[in-house]
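Note sheet for the following structure.
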Amino acid sequence: MSIDPAAVLTEANAAVSRGDHAGFLAHCTDDVVWHFVGDRTITGKEAIRRFMDETYVNPPEVVVDQLIADADHVVAIGTITIISADGTRTTSDYSDAWHLRDGQLAELYAFVIERT
């Protein structure tokens, strides 16, 4: 049975929106890599968990406008609003290009532009 990359990402994003970082990471390979284009790269589940715990103090609001997928890639285009500990809201437009390996999220190229 083939894996639907769009369904994998939809389930993973739903976990993030619930504040369930472990649930998100369950959809990732152990050696997952996040490339924040123009910024930094984070490698491995533990490093990504720390990033999520620090950045997503409150569950972010993720709106996916488009999903484009093939057998082992999925691209999401939408907006994300991050709510800091003091309640400050920062909204950004984003495009996430994911590569899946064995049905799990393995590598991300994230293009994020904060709205002004």
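Nothing in this text is a laboratory measurement; each read-out follows from the coordinates by a stated rule. What you see is a predicted model, and the numbers here were worked out from it, not measured in a lab. In this analysis, Cβ positions are derived from the backbone assuming ideal geometry, glycine residues included, and neighbour counts consider all displayed protein chains.
Within region 69-78, the set of residues being part of a strand (DSSP E or B) and either aliphatic (A, V, I, L, M) or surrounded by 15 or more Cβ atoms within 10 Å (Cβ to Cβ) (or both) comprises Ala69, Val74, Val75, Ala76, Ile77, Gly78.
Of all residues in region 100-116, those that are part of a strand (DSSP E or B), of a type outside the set (A, V, I, L, M) and exposed (fewer than 15 other Cβ atoms within 10 Å of the Cβ) total 2. Among the residues making up region 32-44, those that are touching a strand residue (DSSP E or B) at 6+ places or on another chain (Cβ under 7 Å) and of a type outside the set (Ser, Thr, Tyr) are Val32, Val33, Trp34, His35, Phe36, Val37, Ile42, Gly44. Across region 79-99, the qualifying residues are those that are more than 16 Å from Asp39 (Cβ to Cβ) and surrounded by 13 or more Cβ atoms within 10 Å (Cβ to Cβ), and the one among them that is nearest to the chain's Cα centre (by Cα) is Trp98.
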